[in-house]
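Visitor: Next up is a structure, given as structure tokens.
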Ligand SMILES: Cc1cc2nc3c(=O)[nH]c(=O)nc-3n(C[C@H](O)[C@H](O)[C@H](O)COP(=O)(O)OP(=O)(O)OC[C@H]3O[C@@H](n4cnc5c(N)ncnc54)[C@H](O)[C@@H]3O)c2cc1C
């Protein structure tokens, strides 16, 4: 089989890239070893983080750092082996987390983040999946007066700078506006711009179905069976062989299995996260995700129940599964909602592929013509997937670019 482009990976990033390439007239074969949207893109908190301009950075507050190291911060866990193996990465992450650097990263990411609602809306409309997106905003709540007042001050600066809309909600009003318990809370911020998705996996599958309806081909195959060189790429499967001039690596945390054998070295690590659904009394019609900022987890209303997603676990992608954060957070979250019984027999685990400079890689490989990279989307891949797919398709087809892709260049690490 001959095609124009092979896209490896059918998470939100690969599916979005495939759709946008198809819109530009390219014949595309999309490849995944699983079904469409069944890895990290399925189990996230479903937030389209229009207000999440500042990246998730290394903790600067010494108290938070101490709580994290001693595992007292509910949202965070680590495997000691990770710290030993990735110590230079952690130093680099801390370096890029300086105030001035965070300002630059936020500015670089802004045009992409700004697309998160509009680009998802456009694809969801075409895919007939609008019912999965909700203009429900995002609520962040604070347990200490100090963290609440600090957040209010920071939000005022952010809102002005990035044209965001938010309400400061004192404790008394919180209970009136949201289905939460407020005894342990001091207040909250309600961000109006973000949207939520009530079933991320179904949304990605709907985008995949749109791609197939429009003539795209999806096949299940192992991406590691790719061979090739300058503008001659081949994917062999037990039943067929596909040839293309161009190939896109959009394998999320598994991208290194393709780029490393081709001689590329990128400082990408795995930040794992877990989720569990609960049979809570959360009202079905209420789609606003809630982040408990002092403990670093999210309560995200989903079709499957109330989904609690954990913060970060620093551990190798394939290291043993250790969902200890969920147990800790269940006790903490009960201050805010009646979680009810667990609805799943085991916790889901996913992996956020992250660079220390908190930007993804989007662009052409330095040493192989026709090889394109699009991975490392950190904590915001579900949000920026459609915008990023559009940017990559513009780059590959030589179209006018809607934003400057230089901060995402793979060459920044050479
Ligand atoms: C707990 C948690 C909560 C999150 N919440 C949010 C949120 O609210 N909002 C947000 O924007 N982001 C969120 N994220 C981040 C977001 O989910 C990711 O950034 C995004 O899903 C990454 O998409 P992807 O397509 O790059 O990767 P993936 O979805 O992981 O896709 C990679 C694909 O590659 C395939 N693959 C791997 N190896 C092979 C192989 N050898 N052959 C063929 N196929 C292969 C996999 O099967 C998979 O389908 C969260 C992440 C976690 C873990």
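The values are calculated or read from the model by the stated rules, or taken from the named source; none is laboratory data. No experiment lies behind these values; they were computed from the predicted model shown. Quick reminder, even Gly has a Cβ in these numbers, built from the backbone with ideal geometry, and neighbours come from all protein chains shown.
Visitor: Would a scan of region 15-23 turn up a residue that is surrounded by fewer than 19 Cβ atoms within 10 Å (Cβ to Cβ) and modelled with pLDDT of 95 or more?
Guide: Yes: region 15-23 contains one or more residues that are surrounded by fewer than 19 Cβ atoms within 10 Å (Cβ to Cβ) and modelled with pLDDT of 95 or more.
Visitor: Okay, moving on. Is there a residue being free of Cβ contacts under 8 Å to residues at least 40 places away in the same chain, on the phi < 0 side of the Ramachandran plot and in contact with a helix residue (DSSP H, G or I) (Cβ under 6 Å, 6 or more places away or on another chain) anywhere in region 259-266?
Guide: No, every residue in region 259-266 fails to be free of Cβ contacts under 8 Å to residues at least 40 places away in the same chain, on the phi < 0 side of the Ramachandran plot and in contact with a helix residue (DSSP H, G or I) (Cβ under 6 Å, 6 or more places away or on another chain).
Visitor: Can you pull out every residue in region 10-25 that is near the ligand (Cβ under 6 Å from one of its atoms) and not in a helix (DSSP H, G or I)? Talk me through it step by step, then tell me what you get.
Guide: Narrowing region 10-25 to residues near the ligand (Cβ under 6 Å from one of its atoms): 10-14.
Selection gives 10, 11.
Visitor: When both residues are 6+ apart or on different chains and their Cβ atoms are under 6 Å apart, which pairs have a first residue that lies in region 45-67 and is within 19 Å of residue 152 (Cα to Cα), and a second that is assigned to a loop (DSSP other than H, G, I, E, B) and within 16 Å of the ligand (Cβ to nearest atom)?
Guide: Listed by first residue and then by second, the contacts come to 49/194; 49/380; 50/193; 50/194; 51/193; 51/194; 55/358; 56/379.
Visitor: Here is a follow-up. Got a sec? Which strands (runs of 3 or more DSSP E) wholly within region 329-414 have at least 1 residues that are within 19 Å of residue 22 (Cβ to Cβ) and within 15 Å of the ligand (Cβ to nearest atom)?
Guide: So the answer is 361-364, 371-375.
Visitor: Scan region 162-184 for residues that are assigned to a helix (DSSP H, G or I) and free of Cβ contacts under 8 Å to residues at least 60 places away in the same chain and jot them down. Show your work before the answer.
Guide: Filtering region 162-184 down to residues assigned to a helix (DSSP H, G or I) leaves 162, 171-177.
171, 172, 173, 174, 175, 176, 177, listed by residue number.
Visitor: Additional query: Among the residues of region 46-103, what is the count of those that are within 29 Å of residue 194 (Cα to Cα) and outside any helix (DSSP H, G or I)?
Guide: Qualifying residue count for the region: 23.
Visitor: Hey, another quick one. Spot the failing condition for residue 385; the list is (1) over 22 Å from residue 200 (Cα atoms); (2) at pLDDT 95 or above, and only one is missed.
Guide: (1)
Visitor: Could you count how many residues in region 222-247 are out of contact with any helix residue (DSSP H, G or I) (no Cβ under 8 Å at 6 or more places or on another chain) and either in a strand (DSSP E or B) or modelled with pLDDT of 95 or more (or both)? Break it down stepwise before answering.
Guide: Residues of region 222-247 out of contact with any helix residue (DSSP H, G or I) (no Cβ under 8 Å at 6 or more places or on another chain): 222, 225, 227-234, 238-245, 247.
Within this subset, residues satisfying the condition of being either in a strand (DSSP E or B) or modelled with pLDDT of 95 or more (or both) are 222, 225, 227-229, 232-234, 241-245, 247.
Qualifying residue count, region 222-247: 14.
Visitor: Of all residues in region 303-319, how many are assigned to a loop (DSSP other than H, G, I, E, B) and either in contact (Cβ under 8 Å) with a residue 24 or more places away in the chain or closer than 26 Å to residue 285 by Cβ (or both)?
Guide: Of the residues in region 303-319, 9 are assigned to a loop (DSSP other than H, G, I, E, B) and either in contact (Cβ under 8 Å) with a residue 24 or more places away in the chain or closer than 26 Å to residue 285 by Cβ (or both).
Visitor: If you check 219, 258, which single one turns out to be at pLDDT 95 or above, within 15 Å of the ligand (Cβ to nearest atom) and buried (at least 20 other Cβ atoms within 10 Å of the Cβ)?
Guide: Details: 219 fails: buried (at least 20 other Cβ atoms within 10 Å of the Cβ).
It is 258.
Visitor: Please go through region 222-249 and give me each residue that is over 17 Å from residue 34 (Cα atoms) and surrounded by fewer than 16 Cβ atoms within 10 Å (Cβ to Cβ), ordered by number.
Guide: Selection gives 227, 229, 230, 231, 232, 234, 240, 241, 243.
Visitor: A further question on this structure: Surrounded by 24 or more Cβ atoms within 10 Å (Cβ to Cβ), touching a residue at least 12 places away in the same chain (Cβ under 8 Å), within 14 Å of the ligand (Cβ to nearest atom) and assigned to a strand (DSSP E or B), is that true of residue 7?
Guide: Working: surrounded by 24 or more Cβ atoms within 10 Å (Cβ to Cβ): yes; touching a residue at least 12 places away in the same chain (Cβ under 8 Å): yes; within 14 Å of the ligand (Cβ to nearest atom): yes; assigned to a strand (DSSP E or B): yes.
It is true that residue 7 is surrounded by 24 or more Cβ atoms within 10 Å (Cβ to Cβ), touching a residue at least 12 places away in the same chain (Cβ under 8 Å), within 14 Å of the ligand (Cβ to nearest atom) and assigned to a strand (DSSP E or B).
Visitor: Given (1) touching a strand residue (DSSP E or B) at 6+ places or on another chain (Cβ under 7 Å); (2) part of a loop (DSSP other than H, G, I, E, B); (3) crowded, with 19+ Cβ neighbours inside 10 Å, identify the lone condition not met by residue 37.
Guide: Residue 37 satisfies all of (1) touching a strand residue (DSSP E or B) at 6+ places or on another chain (Cβ under 7 Å); (2) part of a loop (DSSP other than H, G, I, E, B); (3) crowded, with 19+ Cβ neighbours inside 10 Å except (1).
Visitor: Can you tell me which of 76, 148 is surrounded by 19 or more Cβ atoms within 10 Å (Cβ to Cβ), free of Cβ contacts under 8 Å to residues at least 60 places away in the same chain and either in contact with a strand residue (DSSP E or B) (Cβ under 8 Å, 6 or more places away or on another chain) or over 16 Å from residue 191 (Cα atoms) (or both)?
Guide: That would be 148, the only listed residue that is surrounded by 19 or more Cβ atoms within 10 Å (Cβ to Cβ), free of Cβ contacts under 8 Å to residues at least 60 places away in the same chain and either in contact with a strand residue (DSSP E or B) (Cβ under 8 Å, 6 or more places away or on another chain) or over 16 Å from residue 191 (Cα atoms) (or both).
Visitor: Looking only at region 26-54, which residues are under 20 Å from residue 353 (Cα atoms) and more than 12 Å from the ligand (Cβ to nearest atom)?
Guide: 53, 54
Visitor: Quick one: residue 109 ticks every box in (1) crowded, with 18+ Cβ neighbours inside 10 Å; (2) more than 14 Å from the ligand (Cβ to nearest atom); (3) part of a helix (DSSP H, G or I) except a single one, so which number is it?
Guide: Among (1) crowded, with 18+ Cβ neighbours inside 10 Å; (2) more than 14 Å from the ligand (Cβ to nearest atom); (3) part of a helix (DSSP H, G or I), residue 109 violates only (2).
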